[in-house]
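Structure record follows, encoded as structure tokens.
The values are calculated or read from the model by the stated rules, or taken from the named source; none is laboratory data. On a predicted model such as this, the values are computed, not experimentally measured, just so you know. Every residue, glycine as well, gets a Cβ built from its backbone with ideal geometry; the counts of neighbours run over all protein chains shown. Note: areas computed on protein heavy atoms with side chains; ligands, DNA, RNA excluded. Shrake-Rupley method; radii C 1.70, N 1.55, O 1.52, S 1.80 Å.
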Amino acid sequence: MPVSSDFVSIIMPAYNAERTLPASIESVIAQTWTDWELIVVDDCSADGTADVILQYEDRDPRIHHIRNAKNSGVACSRNTGVQRAKGNWVAFLDSDDCWAPEKLALQLDFARHMHADFTFTGSAFMDAHGNPLSYRLPVPIQVSFRQLLKQNIISCSSVMIRRDLIRRYPMESDRMHEDFAVWLQILRDNRLDAYGLDQPLLIYRLSATSKSGNKLKAAGMTFRVYRHIGLSLPAAIYYWCWYTVRSLRKYRQLKK
């Protein structure tokens, strides 16, 4: 069955996420924009993740469950979802993050207004238990490849991008920030800018066990991104210094 030009396919990788998954799915169901599908890719979870997904799938025909044949990581899970997507737009939402109810509606309006193929939003934050934090991450209205090298201000769970564009750039190794590498390659190869809607429409869950929660690990993964996309060693060091300074500034704001 054909879908509308503004139909959104939402990709949600999930691994042992039974505790946070219901809130994430509920935030999709609560969207004021209702023309969407949610593809939840279960990466061979060992807890009750599959049961949670199936319960929602039974309740809402817009929700679809895929289970990987083997544990493959978040990059592979996102790629699997993208390949199954029906919409002209693809949005990403991790299974521990949430959206504000008007997120998709406002972002679609913003994309139309800016004639943009690649958009993202600002973020609010919550702690591991779902308690809201006061910090808000603002985003610029436009970001280029060179600007993005200095700081990854594009949160994956805030992205909405044209399906035909993201399909050309599958995410790769989980040993680096796989989404950051893709955003950089898309902007560089297509001479595009990404457009930021400066409203905290993503509610990002902070967790010490996440890849971004471990600061030293995150720093190493960022350096691997620079080398992966072909930066020389001096250029990688230069941009990694920018990343470190700006990340420390953001971390101090979060701790206030």
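All of D94, D127, D164 fail the test of being at negative phi, buried (at least 18 other Cβ atoms within 10 Å of the Cβ) and among the acidic types (D, E), apart from D94.
If you filter segment 31-70 down to residues that are touching an Asp or Glu at 6+ places or on another chain (Cβ under 6 Å) and under 19 Å from D174 (Cβ atoms), you find that the one that is least open to solvent (accessible area, probe 1.4 Å) is T49. Among the residues of this structure, A100 counts as one that is in contact with a Leu (Cβ under 6 Å, 6 or more places away or on another chain), more than 19 Å from W183 (Cα to Cα), open to solvent by less than 60 Å² (accessible area, probe 1.4 Å) and in contact (Cβ under 8 Å) with a residue 60 or more places away in the chain. For Y204, the stated conditions hold: it is touching a helix residue (DSSP H, G or I) at 6+ places or on another chain (Cβ under 7 Å), at pLDDT 95 or above and open to solvent by 50 Å² or more (accessible area, probe 1.4 Å).
Assess whether F145 counts as being in contact with a helix residue (DSSP H, G or I) (Cβ under 7 Å, 6 or more places away or on another chain) and either free of Cβ contacts under 8 Å to residues at least 24 places away in the same chain or buried (at least 17 other Cβ atoms within 10 Å of the Cβ) (or both). It is true that F145 is in contact with a helix residue (DSSP H, G or I) (Cβ under 7 Å, 6 or more places away or on another chain) and either free of Cβ contacts under 8 Å to residues at least 24 places away in the same chain or buried (at least 17 other Cβ atoms within 10 Å of the Cβ) (or both). Residues in segment 61-112 that are within 23 Å of L201 (Cα to Cα) and either of a type in the set (K, R) or in a loop (DSSP other than H, G, I, E, B) (or both): 15 in all. Listed conditions (1) open to solvent by less than 20 Å² (accessible area, probe 1.4 Å); (2) of a type in the set (S, T, Y); (3) farther than 18 Å from R205 by Cβ are all met by S5, apart from (1).
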